[in-house]
Amino acid sequence: MKALIFAAGLGERMRPLTDATPKPLLSAGGKPLIVWHLEKLAAIGVRDVVINTSWLAEQFPQVLGDGGRWDLSLHYSREGATPLETGGGMLQALSLLGETPFIAINGDIWTDYDFTRLPSEPQGQAHLVLVDNPPQHPQGDFSLSPDGRVFARGLDASAPARMTSSQSTAKAQPASSLFFAGAASSAGKLTFAGIGVYRPALFDGWRGVIGDDPAAQESPPRFKLAPLLRAAMARQGVSGEHHHGRWTDVGTPERLAQLDQQLDAGKPDL
């Protein structure tokens, strides 16, 4: 199984830290954020990892090399000066990922999620890991039904059960000031953790879903992944699970500093 790590963002909210360093290469707990993911992927037997890059792209091979130190083979999908967004970035990376399901992870998160829980193949077009809504995102993203289906809006109790998931019953772990384990929003939504398993077929007919967005007409096209996921959810084609453990979106210098402090103090169960 191969994996994709999203690392092409401009890191604008992290400035000035990202003026000279791309966000996934910023350190927390003594190692770059992206290295935490590489180590966990290697531990579950992944051998080929694609990293999409844009801002300060040359630094990734300089720091990470070819991946040999983790027994990985790293492949870089360079997007140029303007990132292609999550959908366009994943679409461009498909030539390196192949025709079988793959893992995709945001390069700017930290979590204690156990990657061995990820299915080798999603039952539908995608399988998403969801977490409790952090303070900076109280509205959440998606709803998760008891049988493991993911919906873009509220749960549709009348919809027939087409997916099951034994992965939504993880034992809850205590929260800290950074690693959130609070309640979902009043609408029953959870936050997408930036971890998932995808089938390349998710992109079949993508232009019909994205529509006439001018950026999607560029070459290479630039568009977000979320509309494709919502379209698949409308067909009951996305499964998911609720991770009750520790997770943070490292979106500000303050959250990075707090993560670094807590990792150094050994608070998370590493």
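Laboratory data are not the source of any read-out in this text; all were calculated from the coordinates shown. Since the model is a prediction, treat every value here as computed from it, not as a measurement. Don't worry about glycine lacking a Cβ; one is built from the backbone with ideal geometry, like all the others, and counts go over all protein chains shown.
Could you compute the FRET efficiency for Ser95 and Ser27, with r as their C-beta to C-beta distance and R0 at 30 Å, rounded to 0.05?
Given R0 = 30 Å and the Cβ-Cβ separation, E is 0.45.
Between Ser219 and Arg47, 0.36 nm times their residue separation minus their Cα-Cα distance comes to what?
Full extension from Ser219 to Arg47 adds 58.9 nm.
Which three extents, in whole angstrom, do the alpha-carbon atoms of the range 2-264 cover along their principal axes, largest first?
52, 44, 34
Return, for the Cα atoms of the range 202-258, the radius of gyration and Dmax in Å, separated by a comma.
16.3, 43
Per Stokes-Einstein, at 20 °C and 1.002 mPa s, what whole-number D in µm² s⁻¹ belongs to the range 87-137, with the Kirkwood radius over Cα pairs as the hydrodynamic radius?
Using the Kirkwood radius from Cα pairs, D works out to 161 µm²/s.
Just round it to a whole percent: the fraction of Cα-Cα distances in the range 1-80 exceeding 18 Å.
The calculated P(r) of the range 1-80 puts 36 percent of pairs beyond 18 Å.
How many angstrom separate the Cα center of the range 228-260 from the Cα center of the range 27-87?
That distance is 19 Å.
Count charges around Gly30 for me, please; just the other residues with Cβ under 9 Å from its Cβ, Lys/Arg as +1, Asp/Glu as -1.
-1
Which number gives the lysine pairs in the chain that have C-alpha atoms under 21 Å apart and are eight or more places apart or on different chains?
Final tally of qualifying lysine pairs is 11.
For q values of 0.11, 0.15, 0.16, 0.19 Å⁻¹, compute log₁₀ I(q)/I(0) with the Debye formula on a Cα-only model of the range 11-131, without solvent.
-0.38, -0.73, -0.84, -1.22
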